[in-house]
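The values are calculated or read from the model by the stated rules, or taken from the named source; none is laboratory data. Treat the numbers as computed from the prediction; the structure is a model and nothing was measured. Ideal geometry is used to build each Cβ from the backbone, glycine not excepted, and the neighbour counts take in all protein chains shown. Side chains are part of the model used for accessible areas, which takes the heavy atoms of the whole protein and leaves out ligands, DNA and RNA. Shrake-Rupley method; radii C 1.70, N 1.55, O 1.52, S 1.80 Å.
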Amino acid sequence: QVQLVESGGGLVQAGGSLRLSCAASDYSFRNYNMAWFRQAPGKEREFVASIHWLGSTYYADSTKGRFTISRDNAKNSVYLQMNSLKPEDTAVYYCAADRDYNGADPVRYDYWGQGTQVTTSS
């Protein structure tokens, strides 16, 4: 059982930056594909970015060029650097993990964190 804990959310003005962190409990973290999703009120959970256990990355069109996903296997952590934030980026951001899948379908991920709120004011 992998436990994921997100941190780093907050309130930021449009155009600003935030860095989200997700710490994993499992000693075999390096073997997991990791992803970030987000969910705004009244909307479905949306894919943001993922990183394969070998390091390749994949982004949603809405975040490509503004967000960067990275991982530090020595710290059992994955990060999401968010730049040029927009009001439409406001959502609860979730970290997810899976051994076999690194795509955009949230149903395919086995483990989830509790989420961290990101609010971008205009």
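Quick check on region 26-83: of everything there that is hydroxyl-bearing (Ser, Thr, Tyr), buried (at least 19 other Cβ atoms within 10 Å of the Cβ) and under 10 Å from the mean Cα position of the chain (by Cα), which residue is farthest from ARG108 (Cα to Cα)?
In this case the residue turns out to be TYR79.
Are there any pairs, at least 6 apart or on different chains, whose C-beta atoms fall under 6 Å, with the first in region 50-67 and closer than 14 Å to LEU20 by Cα and in contact (Cβ under 8 Å) with a residue 24 or more places away in the chain and the second of a type outside the set (Lys, Arg) and open to solvent by 30 Å² or more (accessible area, probe 1.4 Å), and if so, which?
SER50/TYR58; SER50/ASN102
What residue, among those in region 1-17 that are out of contact with any Phe, Trp or Tyr (no Cβ under 9 Å at 6 or more places or on another chain) and of a type in the set (A, V, I, L, M, F, W, C), is least open to solvent (accessible area, probe 1.4 Å)? Steps first, please.
The first filter runs over region 1-17 and keeps only residues out of contact with any Phe, Trp or Tyr (no Cβ under 9 Å at 6 or more places or on another chain), leaving 5, 7, 10-17.
Filter once more, keeping what is of a type in the set (A, V, I, L, M, F, W, C): 5, 11-12, 14.
Values: VAL5: 94, LEU11: 133, VAL12: 21, ALA14: 54 Å².
This residue is VAL12.
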